[in-house]
Amino acid sequence: MDKEKYITVVEAYDKQLVKMVNEKIKEGYEPYRNVVIAFNEAGTIKSYVQVMMLKEHK
């Protein structure tokens with residue numbers, strides 16, 4: 001099965017995001033741009049999001 005070329009990693013905690021991003025790097029993905037922090041209506045952090053792209057092999 002082919003891997004998706006574009007994925008998002010979404011976690012509730014920053015340390016968990018780091019762990020999952022590192023796992024995806026081992027699978028051949030690279031972080032794309034900056035981490036996005038989503039807030040709820042009260043201004044509390046809801047989630048951390050990292051877009052990742054599959055490395056192109058040339």
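Each value in this text was obtained by applying a stated rule to the coordinates, not by laboratory testing. This structure is a prediction, so every number in the text was calculated from the model and none was measured. For neighbour counting, all protein chains shown are included, and Cβ atoms are generated from backbone atoms with ideal geometry for every residue, glycine included.
Under a 5 Å amide H cut-off, with hydrogens placed 1.01 Å from N, S47 pairs with A38 among residues at least 5 apart or on other chains.
Residues in the range 1-28, backbone N under 20 Å from the label point at I37 (7 Å along the Cα-to-beta-carbon vector): list them, ranges by number please. The answer is 9-22. For the chain, the percent of C-alpha pairs falling in each 10 Å distance bin, counted from 0 to the bin holding the largest distance, reads 24, 48, 21, 6, 1. Here the chain is treated with +1 on each Lys and Arg Cβ and -1 on each Asp and Glu Cβ, and its dipole about the Cα centre works out to around 160 debye.
In this simple spin-label model, placing a label point 7 Å from the Cα along the Cα-to-Cβ direction at both E30 and I45 gives a separation of 2.6 nm. Taking a straight line from the alpha carbon of K46, these lysines sit under 30 Å away, with near neighbours fewer than eight places off in the same chain left out: K3, K5, K15, K19, K24, K26, K55.
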